[in-house]
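Single-structure report; data block below.
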Amino acid sequence: MISTAIRLARVGSRSELFAAVLMMLGYPLIMLAALLPNIWFFAAATAVTYVADWYLHQSGSYLVNRLGKVRAGLSIRFLLRQLMVILLLARLDLAAEPLFFATVACFLLFYGLQAPHGAMTTLLRMRRTMPVVTRNVDLHAVRIPDAPPRVLLHRSAEKMLHLDIPAVVGILVAAGTGVNAIGYAGAALTLLLALLFNALVVQYLRRGRLVPPAGAVLKAVDGWLREYQPTVVLYFSGSNESAYQGNMWLDTMAKVDGRPLIIMRERALVPQLAETSVPVLCVPAGTHLMNLDLSSVRVCLYPANVGKNIHMLRVPTMKHVFIGHGDSDKLASVNPYSKAYDEVWTAGRAGRDRYALADVGVRDEDIVEVGRPQLAPITTWTGTAKNPIPTVLYAPTWEGWDDNPGNTSMLLAGENIVRRLLSAEKPVRVIYKPHPFTGIRNPRAKAVNARIRSLLNKANAERAAEPRWAEEAAASLAGQDAAKGELARIEAALAGLATPGRAGGDDAEESRVSLADPSRQERAEALRAEWNDAYWRSFGWWEHQTVTGPQPKLYDCFNESDAMVSDISSVVSDFIASGKPYAVTDSAELGVEEFKRQNTAVRAAVILSNSAEEIGELLDAVADSAADPLAKARHELKSYLLGPDEPTSMEQFNAAVRALAAKAEARNAGVRQRIGEQDVAAVPDPEDTSSGAGDGEEQVVAEAVAAADAEIGTGSSVVG
């Protein structure tokens, strides 16, 4: 039962658990101290509850939310503590003293001041929340004032409630010493601070401090859309952990032919969006999205199959394309939902064949091979290790939504893989990069992840104690220190570039100041390249490394490594672009032949069992290209999975955009013609069968192609 309670409370660490236990035990102890009565015992127990409560809020513990669900929310906890103070005074026979009445009056007044404070902060947040959040969109048509200081609104209820500390301290000291003036002073200070807090908040409720009404903001957005006339949209929606699915397409959108726009649906994802020069509109409400003027958009791209896609799929004037967030043999890559789109774009022939085998309703003529534009930064293998010892990347995927053992190698093989790499006859370096979702569903995966990291840390400590590596460390120390200094300098410069305007602004203010600045973005790109180089130089080429977070990127890890071990996911398909040896774990124990039959991307891989005893084959291929029997198979598989090297993926992608934009123009022109909104040069006599006048479709298509090329400004012919 205790373990179930801990799991439901989602206590994230031992320190959180310790703080939660202290807080829960603290309240019974406060009551016991009040009943005894013992002032100093009471003061100590009270202090413990204050500190534990503060820590849980600081750490963002989910337990705080759970306490509110069981009627033990923040306000209740503070009120209980204040009631215990009154009980203590009564047990000390002070119920007839002026201090007792002053205490009751203070807490009542203080509680009364919390209501207007809560109402004002709630109203302020509502009136500071725009119906959209933007980046690189000039909303000069509306006036967006600066946000209130963050200190007023961030965890404001908690701050307001903690203003009772002067009163509680003063009253306890007065009860213990008999000097009532101290209690009166503490109570007065609490009420004065509460009044001041309210006064500071109320000034930001003036009309000039609030953002314009939703209608005015949406009108300004429509005005900007009419001026910008976007032609290609990346439409993205998802959970807080799925930001990477949209981020992987940002560079492609910046290079796409036409006028790109990114439309998002969740406010929480906007801060996680990587730096981009492309205009961004986050429109949380479906009704607002469906009323935006998107009449100029001809192609809409979807990187994920999510429910909110329906709000855009309903627009008939644009063509809808599923582009996905990776190309793999997972079932998600052949989701039947994909048939809702006009086209499905895959990297190479493998994606087309995958849909044919799955038979989920996606027609072959609706599949277009466009390559993988994101893979351009991946360098091609030279055939030799980058450093004196080879580096092997272990990049497992996450456990998935079900308990299929084939989802990830983490649970059954992860520790075996790492142990065999660490104990290899010839030393190797391991870079471990777990999937961002690891452990969000299965606590076993979270535990394995922790043990793997512990194994690498232990191996680093053991390696540092060996004479050979100690000498290398001593020789490299100056260079590593210099690289760390560079990292600090670059990170400071990037932080300055990443926050235009003042710090602490809300979504509305950031929408106003976050405008595209080409020079700033070029500088940021150069700094990120410098950061990546300095990062890998900041530790030894023999040191094992765990990489989490957005930097360094997965492709940077590809370039730093000489081989990879992974699972069935788009990571494998992407790594194949490097031409380097790789291994994939048959976690479901299908057997080598069946595993290769079911999963195209592993046909040029070393297949590992859950014991990982085959890892030596991978290390042999890295050490000696002559001992690499799969090199030719990898080259052929690369073309099959990712398409040809020429034309480039970006050129293929843009050709597909232009072709689909032409189809959208043809459809729209045909509709206008049929409903009479477009003048028709001549209407043929329906009885004149020899007039030669058809339905005009070929002419409409030709005109649409020309119009699409003119609108996009490429002057290129459309390829089908």
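I need the strands (runs of 3 or more DSSP E) fully contained in segment 239-356, keeping only those with at least 1 residues that are out of contact with any His (no Cβ under 9 Å at 6 or more places or on another chain). Per the criteria, 260-264, 280-282, 319-322, 343-346.
A quick yes/no check of all residues on (1) out of contact with any strand residue (DSSP E or B) (no Cβ under 8 Å at 6 or more places or on another chain); (2) buried (at least 24 other Cβ atoms within 10 Å of the Cβ); (3) over 17 Å from SER587 (Cα atoms):
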site	(1), (2), (3)
VAL392	no, yes, yes
ASP403	yes, no, no
ALA413	no, yes, no
SER423	yes, no, yes
ALA447	yes, no, yes
LEU456	no, no, yes
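Taking the criterion of being crowded, with 16+ Cβ neighbours inside 10 Å, within 30 Å of GLY324 (Cβ to Cβ) and polar (S, T, N, Q), would at least one residue in segment 216-234 satisfy it? Looking for residues that are crowded, with 16+ Cβ neighbours inside 10 Å, within 30 Å of GLY324 (Cβ to Cβ) and polar (S, T, N, Q), one finds at least one in segment 216-234, hence yes. Of all residues in segment 234-257, exactly one satisfies the criterion of being at pLDDT 95 or above and under 18 Å from PRO131 (Cβ atoms), namely TYR235.
For SER570, indicate whether it is touching a Phe, Trp or Tyr at 6+ places or on another chain (Cβ under 7 Å), assigned by TED's automatic domain parsing to the domain that holds GLU462 and among the small types (Gly, Ala, Ser). No. The set of residues from segment 275-321 being hydrophobic (A, V, I, L, M, F, W, C) and surrounded by fewer than 16 Cβ atoms within 10 Å (Cβ to Cβ) comprises ALA285, MET290, ILE310. SER570 meets all of the listed conditions (1) of a type outside the set (D, E, K, R); (2) under 30 Å from ILE452 (Cα atoms); (3) modelled with pLDDT of 85 or more but one, namely (3).
Going by what's in this entry, would GLU522 be described as surrounded by 17 or more Cβ atoms within 10 Å (Cβ to Cβ) and within 30 Å of ALA141 (Cβ to Cβ)? Considered against the rule, which asks whether it is surrounded by 17 or more Cβ atoms within 10 Å (Cβ to Cβ) and within 30 Å of ALA141 (Cβ to Cβ), GLU522 comes out as no. The lone criterion from (1) of a type in the set (A, V, I, L, M, F, W, C); (2) within 30 Å of ASN599 (Cβ to Cβ); (3) free of Cβ contacts under 8 Å to residues at least 24 places away in the same chain left unmet by ALA243 is number (3). When the residues of segment 425-436 are filtered to those that are surrounded by 18 or more Cβ atoms within 10 Å (Cβ to Cβ) and of a type outside the set (A, V, I, L, M), the one that is farthest from the chain's Cα centre (by Cα) is ARG429. Out of ALA95, ALA147, ALA157, ALA141, report the one residue that is under 43 Å from the mean Cα position of the chain (by Cα), more than 29 Å from LEU515 (Cα to Cα) and at pLDDT below 95. That would be ALA157, the only listed residue that is under 43 Å from the mean Cα position of the chain (by Cα), more than 29 Å from LEU515 (Cα to Cα) and at pLDDT below 95. For the residues ARG265, ARG314, the requirement of being under 18 Å from LEU225 (Cα atoms), assigned by TED's automatic domain parsing to the domain that holds GLY348 and among the basic types (Lys, Arg) singles out ARG265.
Can you pull out the residues in segment 36-61 that are surrounded by fewer than 14 Cβ atoms within 10 Å (Cβ to Cβ) and more than 22 Å from PRO166 (Cβ to Cβ)? Across segment 36-61, the qualifying residues are LEU36, GLY60. Can you say whether LEU67 is part of a helix (DSSP H, G or I) and under 22 Å from ILE165 (Cβ atoms), as far as the supplied structure shows? Yes: the conditions hold for LEU67. Within segment 139-170, being closer than 17 Å to THR121 by Cα and part of a helix (DSSP H, G or I) holds for ARG150, VAL151, LEU152, LEU153, SER156, ALA157, GLU158, LYS159, MET160, LEU161, HIS162, LEU163.
Here THR103 meets each of (1) of a type in the set (S, T, N, Q); (2) within 30 Å of GLY26 (Cβ to Cβ); (3) modelled with pLDDT under 95 with one exception, condition (3).
For segment 411-441, taking the residues that are in a helix (DSSP H, G or I), among the hydrophobic types (A, V, I, L, M, F, W, C) and in contact (Cβ under 8 Å) with a residue 60 or more places away in the chain, the one that is nearest to GLY616 (Cα to Cα) is identified as LEU421. Among the residues of segment 118-154, which ones are loosely packed, with under 15 Cβ neighbours inside 10 Å, among the basic types (Lys, Arg) and in contact (Cβ under 8 Å) with a residue 40 or more places away in the chain? Selection gives ARG143, ARG150. Please indicate, with yes or no, whether at least one residue in segment 371-385 is assigned to a loop (DSSP other than H, G, I, E, B), within 26 Å of the chain's Cα centre (by Cα) and buried (at least 21 other Cβ atoms within 10 Å of the Cβ). Yes. Would you check if there is a residue in segment 595-609 being crowded, with 16+ Cβ neighbours inside 10 Å and in contact with a Ser or Thr (Cβ under 6 Å, 6 or more places away or on another chain)? Yes; the residues of segment 595-609 include at least one that is crowded, with 16+ Cβ neighbours inside 10 Å and in contact with a Ser or Thr (Cβ under 6 Å, 6 or more places away or on another chain). Only one of the numbered conditions (1) in contact with a helix residue (DSSP H, G or I) (Cβ under 8 Å, 6 or more places away or on another chain); (2) among the aliphatic types (A, V, I, L, M); (3) in a helix (DSSP H, G or I) is not met by ALA199, and that is (1). Hey, any hits in segment 183-200 for a residue that's farther than 30 Å from MET84 by Cα and surrounded by fewer than 16 Cβ atoms within 10 Å (Cβ to Cβ)? Yes, because at least one residue in segment 183-200 is farther than 30 Å from MET84 by Cα and surrounded by fewer than 16 Cβ atoms within 10 Å (Cβ to Cβ).
Any chance segment 217-228 includes a residue that's in a loop (DSSP other than H, G, I, E, B) and not charged (D, E, K, R)? Within segment 217-228 (the criterion being in a loop (DSSP other than H, G, I, E, B) and not charged (D, E, K, R)), the answer is no, since none of the residues qualifies. The set of residues in segment 129-138 that are among the aliphatic types (A, V, I, L, M) and assigned to a loop (DSSP other than H, G, I, E, B) comprises MET130, VAL132, VAL137.
With respect to the conditions (1) free of Cβ contacts under 8 Å to residues at least 40 places away in the same chain; (2) more than 21 Å from LEU412 (Cβ to Cβ), ASP562 lacks only one, and its number is (1). Annotation: ASP628 fulfils all but one of (1) at pLDDT 90 or above; (2) among the charged types (D, E, K, R); (3) out of contact with any strand residue (DSSP E or B) (no Cβ under 6 Å at 6 or more places or on another chain); (4) assigned by TED's automatic domain parsing to the domain that holds LYS580; the unmet one is (1).
When the residues of segment 84-104 are filtered to those that are without any contact (Cβ under 8 Å) to a residue 24 or more places away in the chain and in a helix (DSSP H, G or I), the one that is surrounded by the most Cβ atoms within 10 Å (Cβ to Cβ) is PHE100.
Exactly one residue among LEU108, LEU89 is over 28 Å from ALA285 (Cα atoms) and in contact with a Phe, Trp or Tyr (Cβ under 9 Å, 6 or more places away or on another chain), and that residue is LEU89.
The values are calculated or read from the model by the stated rules, or taken from the named source; none is laboratory data. Predicted model, so just to flag it, every value in this text is computed and none were measured. Here Cβ is always computed from backbone atoms with ideal geometry, including for glycine, and neighbour counts include all displayed protein chains.
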